[in-house]
1. In region 106-119, how many are in contact with a helix residue (DSSP H, G or I) (Cβ under 9 Å, 6 or more places away or on another chain) and either assigned to a helix (DSSP H, G or I) or open to solvent by less than 20 Å² (accessible area, probe 1.4 Å) (or both)?
2. Quickly run through region 56-72 and pick out the residues that are polar (S, T, N, Q) and either under 16 Å from Thr9 (Cα atoms) or part of a helix (DSSP H, G or I) (or both).
3. Only one residue in Arg127, Arg87, Arg152, Arg132 is part of a loop (DSSP other than H, G, I, E, B) and among the charged types (D, E, K, R). Which one?
4. Among residues belonging to region 15-47 that are modelled with pLDDT under 90 and hydrophobic (A, V, I, L, M, F, W, C), point out the one that is most open to solvent (accessible area, probe 1.4 Å).
5. Kindly provide the set of residues from region 69-96 that are open to solvent by 20 Å² or more (accessible area, probe 1.4 Å) and out of contact with any Gly (no Cβ under 9 Å at 6 or more places or on another chain), ordered by number.
6. Would you say Arg127 is surrounded by fewer than 19 Cβ atoms within 10 Å (Cβ to Cβ), within 30 Å of Ala5 (Cβ to Cβ) and free of Cβ contacts under 8 Å to residues at least 12 places away in the same chain?
7. Which of (1) in contact with a Pro (Cβ under 7 Å, 6 or more places away or on another chain); (2) touching a residue at least 40 places away in the same chain (Cβ under 8 Å) is the odd one out, the single condition Leu102 does not satisfy?
8. Taking region 67-87 as the search range and keeping residues that are under 9 Å from the mean Cα position of the chain (by Cα) and among the aliphatic types (A, V, I, L, M), which one is modelled with the lowest pLDDT?
Amino acid sequence: MTVLAWLATLSSAAFTLVLLAKYSQRQQPGYLVWAVSLAFFAVASAAEASARLNVWTEVNAKIYYIFGAGLVAGFLGAGTLMLAAPRAGRIALVVAILASFLIIWQTIATSVDVARLPTEGYEALRRPPLLRIPVILMNSVGSLLVLIPPVRSALELGEAPLLRL
């Protein structure tokens, strides 16, 4: 599992660079937001890989939770929406940024069950509702936003007759 975590870190860092190059060529903000999302994933997977090499600590558990569980999907969804519908995408990005401040603040402020850390990792974080709710919303809404362009394309091409009911 440690090797997979490091591979995930390296591949997401590489794709971050690819997306930054694409952004510099096309100047479409969606690519920049995608790059940020993949950079968040790289940070989260590096925290996990580090924990697997040594042991879970409060610091790497919180870094993993903030960047992996908290931010990746929301920013990925906002970037996707920015490419598909720029005005709505900008609104989604502002919402993702505001939710990020809440997630970061609440994760830093939350306590950790130190006895559970070595075996349960980030699951040892005590997540109050003010932390759980924005994380669930960022993941749910972000994941749904990623589906908009392929579903729209399928509908426009007429290749999804069941979706046109």
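The values are calculated or read from the model by the stated rules, or taken from the named source; none is laboratory data. Only a predicted model underlies this, so the values are computations on that prediction, with no experimental measurement involved. Ideal geometry is used to build each Cβ from the backbone, glycine not excepted, and the neighbour counts take in all protein chains shown. Accessible surface areas use protein heavy atoms only, side chains included; no ligands, DNA or RNA. Shrake-Rupley method; radii C 1.70, N 1.55, O 1.52, S 1.80 Å.
1. 8
2. Of everything in region 56-72, just one residue is polar (S, T, N, Q) and either under 16 Å from Thr9 (Cα atoms) or part of a helix (DSSP H, G or I) (or both), namely Asn60.
3. Matching residue, one of Arg127, Arg87, Arg152, Arg132: Arg127.
4. Leu20
5. Residues satisfying the conditions are Ala69, Ala85, Arg87, Ala88, Arg90, Ile91, Val94.
6. It is false that Arg127 is surrounded by fewer than 19 Cβ atoms within 10 Å (Cβ to Cβ), within 30 Å of Ala5 (Cβ to Cβ) and free of Cβ contacts under 8 Å to residues at least 12 places away in the same chain.
7. Among (1) in contact with a Pro (Cβ under 7 Å, 6 or more places away or on another chain); (2) touching a residue at least 40 places away in the same chain (Cβ under 8 Å), the lone unmet condition for Leu102 is (2).
8. The qualifying residue modelled with the lowest pLDDT is Ala69.
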